[in-house]
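Let me begin by presenting the structure, written as structure tokens, before commenting on it.
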Amino acid sequence: MYLEAFPEELREYYRRLFGSEAGLLMEKLREPVEKYYIRVNTLKTSRSKLMQILRREGLRPKRSPHLKEGIYFEREGPNFPDDFEPNLPVVRANKFAAESVYQGAMLYAPGVLQADRRIKPGDEVEIRDPKGLLVGIGRARMSAKEMILSKRGIAVEVTLPKFRLPSLSELESFREGLFYAQSLPSMVVAHVLEPEEGELIIDMAAAPGGKTSHLAQIMQNRGEIMALDKSKNRLRKMEGELKRLGVKNVRLMHMDSRKLPELGVEADKILLDAPCTALGIRPKLWESRTPKDIEATARYQRHFINAAIKSLRKDGILVYSTCTLSYEENEGNVKYMLKKGLKLEEQEIFIGSGGIGIEGVQRFYPHRHLTQGFFIAKLRKV
Ligand code: SAM
């Protein structure tokens with residue numbers, strides 16, 4: 001049941017916004033996506049070549065019907081029913097680790113919160129999240145004491161996770177930078193911005209670089225992308241990713257994007273993939289955000305919007321996206337942009353649903369599109 005996974009105020013908020021679809025939406029949010037997408041890095045390979053390589057690596061890739069650089073893998077599971085009680089010694093994992101195990105990852109020692117004292121290496125164990133939900137079954141690689149004390153290493157080799165998504169980061173094709181794991185709606189964003197060679201493009205919230213690197217590949221590494229982020233750690237990760245992917249036309253800038261106008265640049269196009277409440281990200285074993293967080297985040301996002309408008313040339317394009325489901329962070333902020341004089345533009349790829357009370361913006365719903373929850377708007381400064 002999804003009820004215990006969402007705070008009462010948020011469940012009420014979803015019921016008001018999505019009516020009879022709210023229940024199904026919340027159930028879906030608790031599961032990983034049915035189709036796990038990767039983006040072919042067309043700077044280095046083609047889709048058909050990568051499909052062949054992935055098959056040789058033992059995977060079952062399928063072509064996206066929507067995007068020519070999209071490949072997906074079917075999710076496995078659920079591998080056991082919700083009321084399954086294996087009655088094995090219990091290892092309790094923190095939320096982050098439990099969410100990973102739930103989709104097929106190994107359980108690493110730093111993610112272990114508690115372990116039944118009797119556990120020794122080789123024992124079969126059940127893995128539960130901090131609230132008691134069974135996320136997988138596996139074989140202990142460490143004793144209970146080691147699991148708690150070790151700072152690294154696999155504590156439990158997960159043999160039966162609730163769901164399984166392919167594990168890709170160990171593949172040779174991954175190391176060679178032939179693809180980037182990216183959700184389908186995220187992949188739509190770069191197409192909606194329609195970057196062209198020779199344009200100055202600014203990505204205001206760029207790390208870890210999923211959309212920036214997609215823009216670069218569409219631009220064939222020509223033109224210039226200024227990629228801003230305030231998190232040094234995330235930028236460091238992004239630098240590594242751009243290198244892996246062979247992206248060369250990006251200037252990384254460590255700064256607070258709300259100060260963008262101080263740089264005095266005039267961009268042709270701006271991508272604002274705004275920091276948000278991330279309510280659309282799947283899977284969520286449970287959610288802790290409430291409508292208060294939504295209000296505060298929507299206000300925070302308006303600072304970025306103001307900065308973007310100031311730094312866009314006349315007739316320039318702003319693409320605004322979030323991975324959240326709320327009204328205020330999405331249509332609410334689009335209304336704010338319309339009041340500031342921007343005009344909505346048609347989106348080149350439209351495979352989601354229309355907005356709430358506004359047509360022409362694109363929403364992705366977990367229960368309708370079997371994707372993450374996502375929002376995309378395209379506006380012009382006139
Ligand atoms: N666009 C990225 C991608 O596709 O990989 C994901 C971006 S994530 C949704 C939002 C990013 O905004 C985070 O990396 C966060 O560090 C950054 N951020 C939050 N507040 C910021 C600020 N004031 N200035 C610049 N970046 C900020």
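No lab work stands behind these numbers, since they all come straight from the coordinates. Bear in mind the structure is a predicted one, so any value in this text is a computation, not a measurement. Here the Cβ is made from the backbone with ideal geometry for all residues, glycine too, and neighbour counts use every protein chain on show.
Could you run the Karplus curve 6.51 cos²θ - 1.76 cosθ + 1.60 with θ = phi - 60° over the range 159-167 and give me ³J(HN,Hα) per residue in whole Hz, x for Gly and Pro?
With coefficients 6.51, -1.76 and 1.60, one gets 9, 9, x, 4, 10, 9, 10, x, 9 Hz.
Long-range amide H contacts for residue 64: which residues qualify at under 5 Å (H placed 1.01 Å from N, peptide plane, sequence gap of 5 or more or a different chain)?
70, 71, 72
Hey, with R₀ at 22 Å, roughly what FRET efficiency would residue 234 and residue 263 work out to, going by the Cβ-Cβ distance, to 0.05?
Here the calculated transfer efficiency is 0.65.
Which three extents, in whole angstrom, do the alpha-carbon atoms of the chain cover along their principal axes, largest first?
68, 46, 38 Å, listed from the longest principal axis down.
Mind checking the full-extension length gain between residue 94 and residue 290? Use 0.36 nm per residue of separation minus the Cα-Cα distance, one decimal, nm.
So the extension gain works out to 68.5 nm.
For the range 288-299, take each phi angle, set θ = phi - 60°, evaluate the Karplus expression 6.51 cos²θ - 1.76 cosθ + 1.60, and give the result in whole Hz per residue in order, putting x for glycine and proline.
10, 6, 10, x, 4, 5, 4, 4, 5, 5, 4, 5
Using the Karplus equation 6.51 cos²θ - 1.76 cosθ + 1.60 (θ = phi - 60°), what ³J(HN,Hα) coupling, rounded to whole Hz, does each residue of the range 331-347 give in order, writing x for Gly and Pro?
Running phi through 6.51 cos²θ - 1.76 cosθ + 1.60 with θ = phi - 60° gives 4, x, 6, 5, 4, 4, 5, 5, 5, 7, x, 6, 10, 5, 10, 5, 9 Hz.
Using the alpha-carbon centroid of each, what span in Å lies between the range 300-377 and the range 209-263?
Using only Cα atoms, the two centres lie 21 Å from each other.
Given the Cα-Cα distance of residue 151 and residue 87 and 0.36 nm per residue of separation, how much length would full extension add, in nm?
Roughly 20.3 nm would be gained on extension.
Within 10 Å, Cβ to Cβ, of residue 348, how many net charges do the neighbouring residues add up to if Lys/Arg are +1 and Asp/Glu are -1?
In short, -2.
Net charge around residue 15, counting only other residues with Cβ within less than 15 Å of its Cβ (Lys, Arg = +1; Asp, Glu = -1)?
-4
What FRET efficiency do you get for residue 4 and residue 256 if R0 is 30 Å and r is their Cβ-Cβ distance, rounded to the nearest 0.05?
Efficiency computed from Cβ-Cβ geometry: 0.20.
Can you list the residues, at least 5 places off or on another chain, whose amide H is less than 5 Å from the amide H of residue 115, using H built in the peptide plane?
HN-HN under 5 Å from residue 115: 92.
Reachable lysines from residue 35, Cα under 23 Å, same-chain residues fewer than 8 places away excluded?
In chain and number order, the partners are 49, 62, 68, 95, 162, 211, 284.
Taking a ≥ b ≥ c as the square roots of the eigenvalues of the Cα gyration tensor of the range 128-179, is the shape rounded (a/c under 1.5), prolate (a/b larger than b/c) or oblate?
Because a/c hits 1.5 or more and a/b fails to exceed b/c, the range 128-179 counts as oblate.
Pull up all non-local amide H partners of residue 155: gap of 5 or more, or a different chain, and H-to-H distance under 5 Å with H placed in the peptide plane.
Long-range HN contacts for residue 155: 107, 108, 109.
For q values of 0.17 Å⁻¹, compute log₁₀ I(q)/I(0) with the Debye formula on a Cα-only model of the range 55-112, without solvent.
Debye curve over Cα of the range 55-112, log10 I(q)/I(0) at q = 0.17 Å⁻¹: -0.81.
Starting with the fewest neighbours, write out 48, 169, 257 ranked by other beta-carbon atoms found within 10 Å of each beta-carbon.
Fewest-to-most Cβ neighbours within 10 Å comes out as 169, 48, 257.
Less than 9 Å Cβ to Cβ from residue 267, Lys/Arg counted +1 and Asp/Glu -1: what total charge do the surrounding residues give?
-1
Work out how much length residue 56 to residue 299 would gain on full extension: take 0.36 nm times their residue separation and subtract the Cα-Cα distance, in nm to one decimal.
82.6 nm
Calculate, axis by axis, the spread of Cα positions in the range 107-210 along the three principal axes, and write the results as whole Å, longest axis first.
64, 32, 25
Residues of the range 183-202 with backbone nitrogen within less than 16 Å of a virtual label 7 Å along the Cα-to-Cβ line of residue 345, please, listed as ranges.
188-202
For the range 97-190, what does the relative contact order come out to in percent, with C-alpha contacts under 8 Å and a separation of six or more?
With pairs under 8 Å counted, the relative contact order is 31 percent.
In vacuo Debye scattering of the range 217-323, one point per C-alpha: log10 I(q)/I(0) at q = 0.16 Å⁻¹?
Computed log10 I(q)/I(0) values: -0.88.
Determine the percent antiparallel among the DSSP beta bridges restricted to the chain, to the nearest 5.
Antiparallel: roughly 65 percent of the beta bridges in the chain.
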